[in-house]
Amino acid sequence: MKAMKRLLLPTLALVASIACAGKTPPAPTSTGPAFPGAIDPAAAAPSGSGSATRVLPPPPVLSNPGAVTGTPLPSSVDAINDNSPLKPVFFQYDSDTLDDEARRVLSDNAAVLKQNGSWAITVEGHCDERGTAEYNLALGDRRALAARDYLISLGVPADRLQTVSYGKEFPFDAGHQESSWSLNRRAHFLLTAK
């Protein structure tokens, strides 16, 4: 049932974005974000407790992910996504503007993508729980496009990057306060082919 729900939610988000935007976005190949070390709130909550467990924040961003010594990247797409060298970028409330930290992370991500010239990436746009589903789908789309466009400006070929918005459907942190929301306002990078 849980796997079915994970497959159904992206489809519903995609249908909603088509209805709102009037255009066909690229089909997602993911069932949602998979941050290293993340805990599934539904699986981690004690039965009958009714409360979700806080999801761990993403690992620290490497300033030069290509220089990790002695650790070759895994060979399968899923294995790479499970321990991705591509780090998420975070946004301020109701914003799709990249701040200095986001541009630094994107520069590191661009270096990884240039070193792995055959990788194709989906940039997922995410929002916190505030606002309507339609508004958040549009905002998530703008966030994904901002991250993609910056990667292109750094020399990553556009044909290797696609975008999708999940709005508020896949929170990284299930909490209902700013510390959780700040983790949910993000662009997440998913390797779709290598």
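The values are calculated or read from the model by the stated rules, or taken from the named source; none is laboratory data. Just so we're clear, the structure is a prediction, and the values are computed from it rather than from any experiment. So basically every Cβ, Gly included, is an ideal-geometry build from the backbone, and we count neighbours across all protein chains shown.
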When residues of the stretch 156-193 are limited to those that are farther than 22 Å from Glu101 by Cβ and of a type in the set (Val, Ile, Thr), the one nearest to the chain's Cα centre (by Cα): Val164
Collect the residues in the stretch 74-106 that are in contact (Cβ under 8 Å) with a residue 12 or more places away in the chain, outside any helix (DSSP H, G or I) and charged (D, E, K, R), keeping them in residue-number order. Lys87, Asp94, Asp96
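Being of a type outside the set (Phe, Trp, Tyr), in contact with a helix residue (DSSP H, G or I) (Cβ under 9 Å, 6 or more places away or on another chain), within 16 Å of Val105 (Cα to Cα) and in contact (Cβ under 8 Å) with a residue 24 or more places away in the chain is true for just one of Leu191, Leu154. Which residue is that?
Residue meeting the stated conditions: Leu154.
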Could you please find all residues in the stretch 174-188 being surrounded by 23 or more Cβ atoms within 10 Å (Cβ to Cβ) and either in a strand (DSSP E or B) or touching a helix residue (DSSP H, G or I) at 6+ places or on another chain (Cβ under 7 Å) (or both)? Arg186, Ala187, His188
Looking at Glu124 and the list (1) closer than 20 Å to Ala193 by Cβ; (2) of a type in the set (D, E, K, R); (3) surrounded by fewer than 21 Cβ atoms within 10 Å (Cβ to Cβ), which single condition is not satisfied? (3)
Kindly check whether there is at least one residue in the stretch 143-152 that is part of a helix (DSSP H, G or I) and hydroxyl-bearing (Ser, Thr, Tyr). yes
Test set (1) at pLDDT below 50; (2) farther than 23 Å from Arg160 by Cβ; (3) loosely packed, with under 14 Cβ neighbours inside 10 Å - Tyr93 fails condition number: (1)
Does the stretch 167-176 include one or more residues that are closer than 17 Å to Pro88 by Cβ and in contact with a strand residue (DSSP E or B) (Cβ under 6 Å, 6 or more places away or on another chain)? no
Checking the condition of a type in the set (A, V, I, L, M) and at pLDDT below 95, which residue from Ala187, Ala193 passes? Ala193
